[in-house]
Amino acid sequence: MDKATSRLSPPETPRSFGFYVDGRYIDAGNREMAVRNSPGHGVPVTKLVKCTPADVDMAVASARKAFDDRRWSGLSGADRAAVLLKAAEVLRERAEEVAYWETLENGKPISQARAEVGGCVGMFEYAAGLARSLHGDTFNNTGDGAMALVTREPVGVVGVITPWNFPFLILCERVPYILASGNTMVAKPSEVTSATTLLLAEILTEAGLPQGVFNVVTGAGSTVGQAMLEHMQIDMLSFTGSTAVGRAVVEAAGKSNFKKLGLELGGKNPQIVFADADLEDAADGVAFGIAFNTGQCCVSGSRLIVERSIADKFGKLVADKLAKARIGDPLDETTQIGAITTDAQNSTILHYIAKGQDEGATLMSGGTAPDHGGGQFIEPTVFTDVTPDMAIAREEIFGPVLTILPFDTMEEAIAMANDTEYGLAASVWSKNIDKAMTVSRQVQAGRFWVNTTLAGGPEIPIGGFKASGWGREAGIYGVEEYTQVKSVFIEFGKRDHWIS
Ligand code: TXE
């Protein structure tokens, strides 16, 4: 913090973190350290341990012991809820610290990081209630002298591998729900955005989570992440990231212990806009859907599918909105669009902007990389004259690049929306309930929005159809995902003998 002006600024020296096992930090020792530069400022902000596969073994052993001795799973739901509620309280107290480091490592605007952390507080509070209410089922239709119970048991040791686009939010869409039923965990954040996962470990310990229940290893996906995929003592793995690594996750599970998997992968999400929509609202929603988090969201609305009669007018409305969005220093309170998180992603987005033009699409607005100091920024970009076969219309760009595709009939709009390997999210904008509901029924997506986009909450499940993933996170669905069902058949009274 620059005290004279009370404007936030990057730290003068990078903050060093250890990794976190058995309720405490472990120093780097002679392990290598990675330095992370703020993508919004280009200066070093954190130093993180490059863990080894042996460190993964240590973290998994800690989680295994904590699970097997039932120090967490053996508690009542009420006792687990108390810890989750306390975690929410501590997180609320430390929210500004979490938001600051999130912004520094990720490049997202500080106002957005604060809002995300606020949302995460709600997830811990909501999951606390679920820890108390989670229950099974009974069958008393088994005849006199018998009864069956169906119980929900925690899966065991859960590994969570997270990406860099929402390092803290994606983590908190999983952790409280995974902990609610009594699982223990090893988390591996992205190597470029690890700080806030370590802060969560501190917060959970401060909240009274028993040692060893939540452990964090930091480092590269190809070593630390891969060791987790193959680990025989990890019972379930939640992976959020690219479709390519998602395939490796499935393969490794098959080659190791058939661990249960949750996958949230890529998306190429349609925003369908009918001529009868409130076009001002829809333009604002479409602009938000593509520029929020600089388009680095698996649920970004990157394909605008718009009724032909309004396509030109509506495209201009969206482009005008985007031109007014404030892009710049992520630590500036007024910034709406921050930096591109990684150098590789920056190159990927610029590559797609060039490719779109090579393929014959027309660059309607944006497309440049403005200079806002030491960071890397890309203006929101809109393409018209796009055809469905172009790479910019088919592949996940993971940046602020919108393609406009016109349609003539509702059936055509639905077919275009579904013409993708992905099925993560979709929106429809229309004031006609028949159209809106028909589209919501027929578009294949795990999350669907009517006259809004990127909306949700702790109660609402997330996850994808098709190649966008397996399983659901958040809400009661997210708790049940991390449980397994056990049936218990009980007989009472005298047994009817098989051998008499
Ligand atoms: O993802 P990776 P990257 C998409 C998006 C983006 C592309 C590449 O299109 O351009 O993926 O991003 C860990 N075993 N999404 O390269 O590599 C890695 O350390 C185990 C969509 O960053 O999939 C990190 O913690 N783990 C997505 C996490 O996987 C491995 C969000 C994600 O990294 C591993 C991010 C391995 N072999 C990118 N290799 C979404 N759905 O939101 C890497 N990792």
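The values are calculated or read from the model by the stated rules, or taken from the named source; none is laboratory data. Everything numeric here is computed off the predicted structure, so don't read it as measured data. Every residue, glycine among them, receives a Cβ derived from its backbone with ideal geometry; neighbour counts consider all protein chains shown. Remember, those area values only see protein heavy atoms, side chains included, never the ligands or the DNA or RNA. Shrake-Rupley method; radii C 1.70, N 1.55, O 1.52, S 1.80 Å.
Relative contact order, percent, of region 320-423 when contacts are C-alpha pairs under 8 Å separated by at least 6 residues? Before the final figure, lay out each step's value.
On the way: 143 pairs, mean separation 22.5, N = 104.
After rounding, I find 22 percent.
Relative contact order for the chain using alpha-carbon pairs under 8 Å, separation at least 6, rounded to a whole percent?
On the way: 1157 pairs, mean separation 91.1, N = 500.
Here the relative contact order equals 18 percent.
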Discussion item. Angle check, please: helix 53-68 long axis (alpha carbons) against the longest principal axis of the chain (alpha carbons), in degrees 0 to 90, nearest 10.
Written reply: 50
Discussion item. Please enumerate, by chain and number, the lysines with C-alpha under 30 Å from the C-alpha of K466, excluding those fewer than 8 residues away in the same chain.
Written reply: K108, K188, K255, K259, K260, K268, K355, K431, K435, K486
Item to complete: Go through 443-450, 165-172 and give me the packing order, highest mean Cβ count within 10 Å leading.
Response: 165-172, 443-450
Worksheet item: What angle do you read, to the nearest 10 degrees and between 0 and 90, between the alpha-carbon axis of helix 243-255 and the longest principal axis of the chain?
Response: 20
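Sort the following peptides by mean Cβ neighbour count (other Cβ atoms within 10 Å, averaged over residues), highest first: 101-111, 190-200.
Values: 101-111: 26.8, 190-200: 24.8.
By packing density, highest mean first, the sequence is 101-111, 190-200.
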Practice prompt. Run down the lysines and flag those whose C-alpha is under 17 Å from the C-alpha of K316, throwing out any fewer than 8 positions away in its chain.
Written response: K324
Response to the item:
Projected onto their principal axes, the Cα atoms of the chain stretch, largest extent first, over whole-Å spans of 83, 58, 40
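When only Cα pairs under 8 Å and 6 or more residues apart are kept, what is the percent relative contact order across region 270-450?
Numbers: 343 pairs, mean separation 51.1, N = 181.
The value is 28 percent.
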Discussion item. Out of the total accessible area of region 270-450 (probe 1.4 Å, heavy atoms of protein only), what percent is carbon and sulfur?
Written reply: 49
Worksheet item: Under 19 Å Cα-Cα from K47, which aspartates and glutamates qualify once same-chain neighbours fewer than 8 residues away are excluded?
Response: E12, D27, E32, D55, E97, E102, E105, E191, E202, D343
Item to complete: Can you work out the accessible area per residue across region 270-450, with the rest of the protein chains kept in place, probe 1.4 Å, in square angstrom?
Response: 39
Response to the item:
Taking every C-alpha to C-alpha distance in region 359-500 and binning by 10 Å from 0, the per-bin percentages run 9, 26, 27, 17, 8, 5, 4, 3, 1
Worksheet item: To the nearest 10 degrees, how steep is helix 77-93 against the longest Cα principal axis of the chain, on a 0 to 90 scale?
Response: 30
